[in-house]
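Working notes for the structure below.
What follows draws every value from the coordinates through simple rules; no lab data is involved. Quick caveat: nothing in here was measured; it's all calculated off a predicted structure. Neighbour counts are summed over all protein chains in view; Cβ atoms, including those assigned to glycine, are modelled from backbone coordinates with ideal geometry.
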Amino acid sequence: MNLERDIVRALRQVYDPDIPVNVYDLGLIYEIKVDDDHNVYVKMTLTSPTCPIADTIISEVESAVRDVPGVVDVKIDLVFEPQWGKEMMSDEALSELGLL
């Protein structure tokens with residue numbers, strides 16, 4: 001079982017409602033760590049510190065990760081350094097938005 005791969009797959013099902021791209025390809029996920037006990041740490045950001053739906057996105061990320069078989073616990077760390085920018089988006093995301 002590759003837990004980190006399964007977590008990434010789950011995160012690709014979570015979308016920012018304002019941008020039709022999943023949070024992983026959008027570049028909002030900065031780091032994923034899985035310890036030996038299958039506790040998961042996710043460092044993430046938002047497109048803006050004043051995002052009106054921040055709680056919803058964070059909750060959806062936590063729920064998606066928690067639902068991955070094998071995950072014991074989830075900790076989400078919301079950060080704004082470094083600040084999110086378009087350069088953090090995957091080529092797939094840029095293409096979906098017509099920016100590539």
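Each distinct pair of alpha carbons in region 20-69 adds a 1/r term; the inverse of their mean, the Kirkwood radius, is 11.8 Å. Counting only residues at least eight positions apart within a chain, or on another chain, the aspartates and glutamates with an alpha carbon under 17 Å from that of K43 are E4, D6, D16, D25, E31, D35, D55, E60, E62, D73, D77, E81.
Looking at the chain alone, DSSP beta bridges between its own residues are antiparallel in about 50 percent of cases. Using the Karplus relation 6.51 cos²θ - 1.76 cosθ + 1.60 with θ = phi - 60°, the per-residue 3J(HN,Hα) values for region 17-23 come to x, 8, 10, x, 9, 5, 5 Hz, with x marking Gly and Pro.
Just from its helices, what would the mean residue ellipticity at 222 nm be for the chain, if runs of 4 or more DSSP H residues each count -39500 (n - 2.57) and the sum is divided by every residue, rounded to the nearest 500 deg cm²/dmol?
Numbers: 3 runs with 28 residues, N = 100.
Rounded to the nearest 500, the figure is -8000 deg cm²/dmol.
Across region 82-97, computed HN-Hα scalar couplings (Karplus, 6.51 cos²θ - 1.76 cosθ + 1.60, θ = phi - 60°) run x, 5, 5, x, 4, 5, 8, 6, 6, 4, 4, 5, 4, 5, 4, 8 Hz from first to last residue, x flagging Gly and Pro. Taking other C-beta atoms within 10 angstrom as a stand-in for reagent exposure, Y30, Y24 fall in the order Y30, Y24, fewest first. Evaluate E = 1/(1 + (r/R0)^6) for L3 and Q83, where r is the Cβ-Cβ distance and R0 equals 22 Å; express this FRET efficiency to the nearest 0.05. Efficiency for this residue pair is about 0.15.
Measuring nothing but how far apart in sequence close Cα pairs (under 8 Å, 6+ apart) lie, relative to its length, the chain scores a relative contact order of 32 percent.
The stretch between D55 and Y30 holds 7.2 nm of extra length on full extension. This uses 0.36 nm per residue minus the Cα-Cα distance. Under a 5 Å amide H cut-off, with hydrogens placed 1.01 Å from N, V21 pairs with D16 among residues at least 5 apart or on other chains.
Three principal axis extents describe the C-alpha atoms of the chain; from largest down they are 39, 26, 22 Å.
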